[in-house]
Amino acid sequence: MIDLEAYLEPRRQRVEAALDARFPLDPAHPHRLIEAVRYSLLGGGKRLRPILALAACEAVGGDVDAVMPLACALEMIHTYSLVHDDLPSMDDDALRRGRPTLHIAFDEGLAVLAGDALLTEAFAVLMRAAEHARPAAPALQAAREIAEAAGLRGMVGGQAADLAAEGQEADLPLVEFIHVRKTGALLLAAVRAGGLVGGADDGQLRGLTRYGECLGLAFQIADDILDVEASSVRTGKTVGRDDQRRKATFPGVLGMAAAKERACELRDQAVDALNGLSAAADPLRALVRFVVGRAAGG
Ligand code: GRG
C-alpha cells in the first residue's frame with residue numbers, strides 16, 4: 001500500500017505553482033479579470049484531473065514534465081466548468097471549494113468571462129505544449145481528446161442533458177448517459193493524456209482507458225453519495241443540491257445501498273484494468289480506492 005497523501009502533496013504543489021505562474025498578477029496594474037481567474041483557479045480544489053494525468057504518465061514510465069502543461073490545461077477546463085455550472089442560469093450555487101462562488105465574490109459578467117478565459121487559455125496551453133513536444137503526435141492526440149471530452153459530445157453535452165433532465169423521471173441509462181459525458185469524459189481524457197504523452201504502448205493504453213472509464217463513473221457516484229450524506233464543510237460546496245433541483249443521480253435511480261455497491265464494483269474493475277501495469281501504477285490504484293472510499297467506505 002502506498003502513502004497516497006505523500007504521493008499527492010508534492011504533485012499538488014507542483015500543479016499549484018504551474019497554475020499560479022500562468023496567471024501572474026501585476027500589482028501595478030490590478031486587473032479584475034485576472035483577479036477573478038486567480039480566485040477561481042487558485043482557490044483550493046483537489047487537483048484530481050492534473051494528478052491523474054501525472055500519475056498515468058508515471059505509471060508507464062513517462063516524463064512528468066512533458067505532461068505538466070496538459071495537466072494545467074485540464075484543471076483550467078475543469079475550473080471553468082465549475083464557474084459556469086455555479087452561475088444563476090445553471091446550478092445557481094453560492095459555495096464552491098469552501099468559498100463564495102465567483103459570481104458572488106465578483107459579479108456574474110466577470111464569472112462568465114473568467115470561465116471563457118480559462119477555457120480559451122487552456123487550448124493555447126495545449127497547442128503550445130504540442131508545438132514543443134517531441135514526438136508531437138501523442139501530445140496532439142491528447143489535446144484533441146481533451147477538446148472532445150470538454151465539448152459537445154463530452155462535458156458540455158452532458159451538462160445540457162443534465163439540465164434537460166432536471167425535474168424529470170430518470171432511469172439508470174439516462175443517469176449514465178449524463179455522467180459519462182458531464183464528469184467521466186474529462187477524467188478519462190486526463191488519464192489517457194498522461195498515458196499518451198508518457199509513451200504508453202497499446203496494451204497499457206487500453207488498461208488506462210478502462211481504468212479511466214470506471215474511475216469516471218465511480219467518481220460521479222461518489223459525488224452523488226456525498227451530496228446526500230456529507231456536510232458542506234467536508235465537500236466545500238452546498239450539499240443536498242441534487243435533491244433540491246430534482247437532479248438525475250445514481251442514488252436516486254438505484255437507491256443508496258446499491259449506489260455504494262456499484263461504486264465499489266467500479267473501483268474493483270478500475271484496479272483490475274491496471275493488471276498489466278507495474279507498481280508504478282500504484283498511485284492510480286490508490287486514487288480510485290480513495291475516491292470511492294470517502295463516499296462508500298470499503
Ligand atoms: C458548465 C459546461 C459546463 C459544465 C459543467 C462538471 C460540470 C459540468 C459541473 C460540475 C457540477 C458537479 C458538482 C458535478 C459533480 C462532479 C464534479 C465535477 C465535482 C467537482 O469536481 P472535484 O470534486 O472538485 O474534482 P475540486 O473542487 O476538488 O476540483
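The values are calculated or read from the model by the stated rules, or taken from the named source; none is laboratory data. Remember, predicted model here, so these are calculated numbers, not experimental data. Reconstructed Cβ throughout: ideal geometry from the backbone, glycine too, with neighbour counts over all protein chains shown. Please note that ligands, DNA and RNA were not included when accessible areas were found on the heavy atoms of the full protein model with its side chains. Shrake-Rupley method; radii C 1.70, N 1.55, O 1.52, S 1.80 Å.
Details
- For the stretch 121-135, filtered to residues that are aliphatic (A, V, I, L, M) and closer than 19 Å to residue 56 by Cβ, the residue that is nearest to the ligand (Cβ to nearest atom) is 122.
- Boolean, residue 184 is closer than 24 Å to residue 98 by Cβ, within 14 Å of the ligand (Cβ to nearest atom), among the small types (Gly, Ala, Ser) and in contact (Cβ under 8 Å) with a residue 24 or more places away in the chain: no
- Considering (1) charged (D, E, K, R); (2) within 15 Å of the ligand (Cβ to nearest atom); (3) farther than 24 Å from residue 18 by Cα; (4) touching a residue at least 40 places away in the same chain (Cβ under 8 Å), the lone condition that residue 153 does not fulfil carries the number (4).
- Selection status of residue 49, within 10 Å of the ligand (Cβ to nearest atom), in contact with a helix residue (DSSP H, G or I) (Cβ under 7 Å, 6 or more places away or on another chain), over 17 Å from residue 124 (Cβ atoms) and open to solvent by 10 Å² or more (accessible area, probe 1.4 Å): yes
- Spans of helices (runs of 4 or more DSSP H) in the stretch 162-278 with at least 2 residues surrounded by fewer than 23 Cβ atoms within 10 Å (Cβ to Cβ): 172-179, 202-229, 232-235, 241-244, 250-254, 256-273
- Which numbered condition residue 88 misses (of (1) crowded, with 20+ Cβ neighbours inside 10 Å; (2) not in a helix (DSSP H, G or I)): (1)
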